[in-house]
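Worksheet for the structure shown next.
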Amino acid sequence: MHEMSITQSLVEACAAEAEAEGARVTRVTVEIGCLCGVMADAVRFCYDVCAQGTALEGSRLDIVAVPGQALCRDCGAAMAVDDWLALCACGSANLGFSGGDELRIKEMEVV
Ligand SMILES: [Zn+2]
């Protein structure tokens, strides 16, 4: 379950920043690309576990799903996709993907 290690490093990055300022984190917003293979529900579950005993304990996690972009190599159409198995409207599976594979901290609220 790689979500645990991903979430762990995410929590650690936020905690390091907050603790350096002596602040407590109340909310973290994370962007997860739909193509990066990370399950938002799993991250949410791991977050509470990882946050325990850190400046993030009791904080809220908001997850924003970011769709990927694909360009059809056959007809040239651009589309938003949420998985690697997407097909173009023309029926082609010959797509070039871009974006949608990121996982980043968008925002962090502290008190
Ligand atoms: Zn096409």
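Laboratory data are not the source of any read-out in this text; all were calculated from the coordinates shown. No experiment lies behind these values; they were computed from the predicted model shown. When we count neighbours, we look across all protein chains shown, and the Cβ atoms used for this are built from the backbone with ideal geometry, even at glycine.
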Q: State the answer as a single residue: which of Gly100, Ala42, Ile63 lies farthest towards the positive end of the charge dipole of the chain, with beta carbon charges of +1 for Lys and Arg and -1 for Asp and Glu, about the Cα centre.
A: Gly100
(Q) Using only the alpha-carbon atoms, how far is helix 40-51 inclined from the longest principal axis of the chain? Give it as 0 to 90 degrees, nearest 10. (A) 20 degrees
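Between Glu21 and Ala42, what is the FRET efficiency for a Förster distance of 30 Å, r being their Cβ-Cβ separation, to the nearest 0.05? Don't skip to the end; give the middle numbers.
Working: r = 29 Å, r/R0 = 0.97.
Result of the calculation: an efficiency of 0.55.
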(Q) Just to be sure I understand: of the beta bridges DSSP finds with both ends in the chain, what percent are antiparallel, rounded to 5? (A) 70 percent
Q: Would you mind computing, in nm to one decimal, how far apart the modelled labels at Gln8 and Glu107 are, each placed 7 Å from Cα along Cα→Cβ?
A: 3.0 nm
Q: Would you work out the relative contact order for the chain, in percent, from Cα pairs under 8 angstrom that are 6 or more residues apart?
A: 36 percent
Q.
If I fit a long axis through the Cα atoms of helix 2-20 and take the longest principal axis of the Cα atoms of the chain, what angle between them do I get, 0 to 90°, rounded to 10?
A. 50 degrees
